[in-house]
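Student: First, the structure itself, so that you have it in front of you.
The values are calculated or read from the model by the stated rules, or taken from the named source; none is laboratory data. Being a predicted model, the structure only gives us computed values, none of them experimental. As a convention, Cβ positions derive from the backbone with ideal geometry for all residues, glycine included, and neighbour counts pool all protein chains shown.
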Amino acid sequence: MTNQEVREHLFKALHRFGKIKSHISSGVGELTKGEFFCMGVIADRTRRRSERSGVQVWDLAGHMQVRPPAVSRMLRGLEERGLIRREVDPADRRNVRVSLTESGREVWQREAEGYQRTMDRVIDRMGPENMETLLDLLDRLAAAIEEEQNEETGIC
């Protein structure tokens with residue numbers, strides 16, 4: 001394949017990935033991919049830090065690799081649906097801690113189970129060895145794109 005053909009094929013493949021439905025599970029589909037990821041980070045960080053209540057918004061933004069205002073917008077929607085709660089951090093009143101509500105834990109667990117079933121079927125279709133090769137190549141592709149973007153912006 002020529003570079004032109006590879007570029008076109010890569011562009012089309014990335015476009016197809018972007019068109020994959022925005023809801024994770026094959027079940028109810030109550031969460032977008034971003035919401036699912038956000039709630040997963042909250043669940044994981046809360047579980048790891050059982051002595052504390054919730055996750056700080058700046059910590060959540062860092063793990064999601066998005067800016068705090070974008071996280072705040074997402075959290076607002078989750079809070080309005082009763083899936084998370086935001087509380088002022090008693091140790092530092094300048095910070096807000098986010099945690100899943102009981103309803104949020106139930107929704108996230110249901111979506112996580114659907115996601116796992118779907119991903120298991122995809123892995124079975126692809127085969128474990130092909131998946132390992134694909135994941136290695138995707139990591140290399142992401143690193144190459146990040147390096148190129150950093151060079152363009154002057155970030156090292």
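Student: So, in region 73-84, how many residues would count as being more than 19 Å from the chain's Cα centre (by Cα) and either among the small types (Gly, Ala, Ser) or at pLDDT below 95 (or both)?
Tutor: Matching residues across region 73-84 total 1.
Student: How about region 60-75: which of its residues are under 14 Å from Met39 (Cβ atoms) and of a type outside the set (Val, Ile, Thr)?
Tutor: Those that are under 14 Å from Met39 (Cβ atoms) and of a type outside the set (Val, Ile, Thr): Leu60, His63, Met64, Met74, Leu75.
Student: I would also like to ask the following. Give me the pairs, please: first residue somewhere in region 113-126 and of a type in the set (Val, Ile, Thr), second residue anywhere and modelled with pLDDT of 90 or more, beta-carbon distance under 8 Å, and either six or more positions apart or on two chains.
Tutor: Partner pairs satisfying both residue conditions: Ile123/Met131.
Student: Let me ask something additional. Residue by residue through region 9-31, note down the ones that are at pLDDT below 85 and not in a helix (DSSP H, G or I).
Tutor: Within region 9-31, Ile20, Lys21, Ser22, His23, Ile24, Ser25, Ser26, Gly27, Val28, Gly29, Glu30 meet the criteria.
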